[in-house]
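Read through the structure below, which is laid out as structure tokens, and then see the notes.
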Amino acid sequence: MVKTLGMLFGIVFLAVGILGFVPGVTKDDMLLGIFHVDATHSVVHIASGAIFLFASMAGAGPARLWFKVFGLIYAVVAVLGFVNSNGPVLGMISNNPAVTWLHVALAVVMLLIGFGSPKPAAA
């Protein structure tokens, strides 16, 4: 199950990263008119999606580990987003309140999957 979820997250992150470069979907640096994005933000999504896919293809253990690591990273990014609610996170990644709350939700879901998914029984 964790491998399947990792593949799903990978595909979604890749798609969102690519959509960040599509003028019809992203106008005035707003993805779908809601989420503030820029080239750096979109590249981070593409790289994250690729890592999710590679980790999931490597097995349940690497997928689970990536959910944990990525969940923690997103939690930190969400906190930084609250600190600078309408400015760039770390001075380079676009941000707005919608992005921050999406990062909170993603962090919670990824941490639940990473720490809550059952490990396979030892043989």
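The values are calculated or read from the model by the stated rules, or taken from the named source; none is laboratory data. These numbers were taken from a predicted model, which means no experiment stands behind them. Backbone-built Cβ (ideal geometry, glycine too); neighbour counts: all protein chains shown. With ligands, DNA and RNA removed, areas are computed over all heavy atoms of the protein, side chains included. Shrake-Rupley method; radii C 1.70, N 1.55, O 1.52, S 1.80 Å.
Computed quantities for the displayed model
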{"item": "Number of positions in segment 76-119 that are more than 16 Å from HIS41 (Cα to Cα), in a loop (DSSP other than H, G, I, E, B) and open to solvent by 30 Å² or more (accessible area, probe 1.4 Å)", "result": "2"}
{"item": "Hits in segment 1-52 (condition: surrounded by 18 or more Cβ atoms within 10 Å (Cβ to Cβ), in a loop (DSSP other than H, G, I, E, B) and touching a helix residue (DSSP H, G or I) at 6+ places or on another chain (Cβ under 7 Å))", "result": "GLY20"}
{"item": "Residue in segment 55-75 that is in contact with a strand residue (DSSP E or B) (Cβ under 6 Å, 6 or more places away or on another chain) and open to solvent by less than 40 Å² (accessible area, probe 1.4 Å) present", "result": "no"}
{"item": "Counted residues, segment 16-38 - those being under 18 Å from TYR74 (Cα atoms) and free of Cβ contacts under 8 Å to residues at least 40 places away in the same chain", "result": "2"}
{"item": "Residue that is nearest to ALA15 (Cα to Cα), among those in segment 61-78 that are in contact with a Ser or Thr (Cβ under 8 Å, 6 or more places away or on another chain) and of a type in the set (A, V, I, L, M)", "result": "ALA63"}
{"item": "Residue among HIS41, HIS45 that alone is within 11 Å of the chain's Cα centre (by Cα), more than 26 Å from LYS119 (Cα to Cα) and at pLDDT below 90", "result": "HIS41"}
{"item": "Counted residues, segment 79-123 - those being at pLDDT below 85 and more than 27 Å from ASP28 (Cβ to Cβ)", "result": "7"}
